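Readers should treat all values here as calculations from the given coordinates under stated rules, not as data from a laboratory. Since the structure is predicted, the reported quantities are computational estimates derived from the model, not experimental observations. Cβ placement follows ideal geometry from the backbone for every residue including glycine, while neighbour counts extend to all protein chains displayed.
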Amino acid sequence: MKRIATLAVLSLAAVGSPAFGNELATAPHAHGATAKHVPAGPVLNIPAKAQPAVAAVERFSTALVAGQLDAAGAELDPNVLILESGGAERSAAEYLGGHAKGDAAFLKTAHIQLVRRTAQVSGELAWVASESELHLSKDGKPVTVLSTETMLVQRSDAGWKIVHIHWSSRTKAPGDHH
């Protein structure tokens, strides 16, 4: 992964994940991952009509954290565009055949805390924006990465599929907050 700031579920490569290159300085997407977040009371603004789209995002994130790449891929449109740390992957096959493995390995080492999520639907499209904190250890010291994620989800005959992802992250500095 050539990305420097990819945490939103995949950007903490600094811990050795190939999908996270040197991102601890600017970390991976917490990808809104829900599998390990603590019940610290995230702020949620999810209208009822957006819940099915949010469910697709949560299934993707949960599968990725669990290393279940086939299940994660089932939530992606084949032509998904993934932007992260100045890089792009232009299909589900490209992502799943590359950075997804490193992202999953990295996420297994992190404690993911969803801080805030909001979503909106307009016609056949929905956007889901998530802010998370990833807590991990680097060189024996605790590190917190602030991660943001935006996913564009489209309704089709096959259900809601993720058509675009943007992940951004950075190491939390003293006094930072989401």
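The residues packed around Gly67, meaning those with a beta-carbon under 12 Å from its beta-carbon, carry a net charge of 0 if Lys and Arg are +1 and Asp and Glu are -1. Classify segment 40-178: rounded, prolate or oblate, from the alpha-carbon gyration tensor (a ≥ b ≥ c, eigenvalue square roots; a/c under 1.5 rounded; otherwise prolate if a/b is larger than b/c)? Note, shape of segment 40-178 comes out oblate.
For the pair Ser91 and Ala173, a Förster radius of 35 Å applied to the C-beta separation gives a FRET efficiency near 0.50, rounded to the nearest 0.05.
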